[in-house]
1. Would you mind telling me which residue in 33, 148, 265 has the biggest mean-square fluctuation in a Gaussian network model of the chain, where springs connect alpha carbons within a distance under 10 angstrom?
2. From the Cα gyration tensor of segment 144-214, with a ≥ b ≥ c the square roots of its eigenvalues, which class applies: rounded if a/c is under 1.5, or else prolate if a/b is larger than b/c, or else oblate?
3. Given a Förster radius of 35 Å and the C-beta distance between residue 210 and residue 28 as r, what FRET efficiency does 1/(1 + (r/R0)^6) yield to the nearest 0.05?
4. When 101, 76, 268, 168 are ordered from fewest to most other Cβ atoms inside 10 Å of their Cβ, what list results?
5. Compute and list, largest first, the equivalent-ellipsoid semi-axes of segment 40-80 from the alpha carbon gyration tensor, each √(5λ) rounded to a whole angstrom.
6. Give me the one-decimal Kirkwood hydrodynamic radius in Å for the chain, with the sum taken over alpha-carbon pairs.
7. Treating the Cα atoms of segment 73-121 as identical point scatterers in vacuum, please give the log10 of the normalised Debye intensity I(q)/I(0) at q = 0.16, 0.30, 0.31, 0.32 Å⁻¹, two decimals.
8. Just want the ordering: 276, 62, 71, from fewest to most Cβ atoms lying within 10 Å of their own Cβ.
């Protein structure tokens, strides 16, 4: 039976015409995010857009020093810095890089530019061992590729799409969880809102959420709902913010706690480090309206 949350996400996505153009595929050892974009331009032109730093800056970010086989790189995407190593560089067909973002998450990105009837086919495959930020990443990469479409055609960039609605559409279509929390306001009350999906039964998830006594006071202060959906459980957290100066820290604490629940359910011992909390605080400071 379709869960209430999934139904809400589908309705919201449909009402805003958010259409996932990529795929999220489950592998035995992780996940892959896949995009295929058709271009009515020569393969060499698309390869230049992908590999020439001055052209790459028009749609993806500022690359330093450039793609060089076996060498490290950094990519500034408007304040979000990603780093890694170029693992394959076979012009004009394939580019494979490791990808480490500001959250410390690692993935493997492979770009392929193939001949096809009338032009070129650009393929992007992003592989990760975890489901962290899958719905968010899928929405983000789709919007980035939309910008590439505009740059390739030499036209002005289209109006920015609703990233949140697109993220919801990916979550609903592929049954994956959001990772990041968000702020919402209802009747003048500001709340922190998280939705997380765990592949475990409702009683097991509830026990894991409340197992750590150091986290219990925060859990008791929040409104936490559990929804069973097949073999999985959706957890919805809404925590009213009493002091606006505590928003960033509270979001980081809830994010880390929900991550720890996932680790516990996987049979490992969770540990919330001070370093992780600081990284999460920096992330939410940069990605919310909280001061």
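1. 265
2. Prolate is the answer for segment 144-214, as a/c is 1.5 or above and a/b outweighs b/c.
3. FRET efficiency, residue 210 to residue 28: 0.65.
4. The fewest-first ordering by Cβ neighbours comes to 268, 76, 101, 168.
5. So the three semi-axes of segment 40-80 are 19, 14, 6 Å.
6. Numbers: mean 1/r = 0.0485 Å⁻¹.
After inverting the pairwise mean of 1/r, the radius is 20.6 Å.
7. -0.54, -1.06, -1.09, -1.13
8. Final ranking by Cβ density, sparse to dense: 71, 62, 276.
Just so you know, all these numbers are worked out from the coordinates, no wet-lab data involved. Note that the structure is predicted; figures quoted are calculated from it, not measured. Note: ideal-geometry Cβ built from the backbone for every residue, glycine included; neighbour counts use all protein chains shown.
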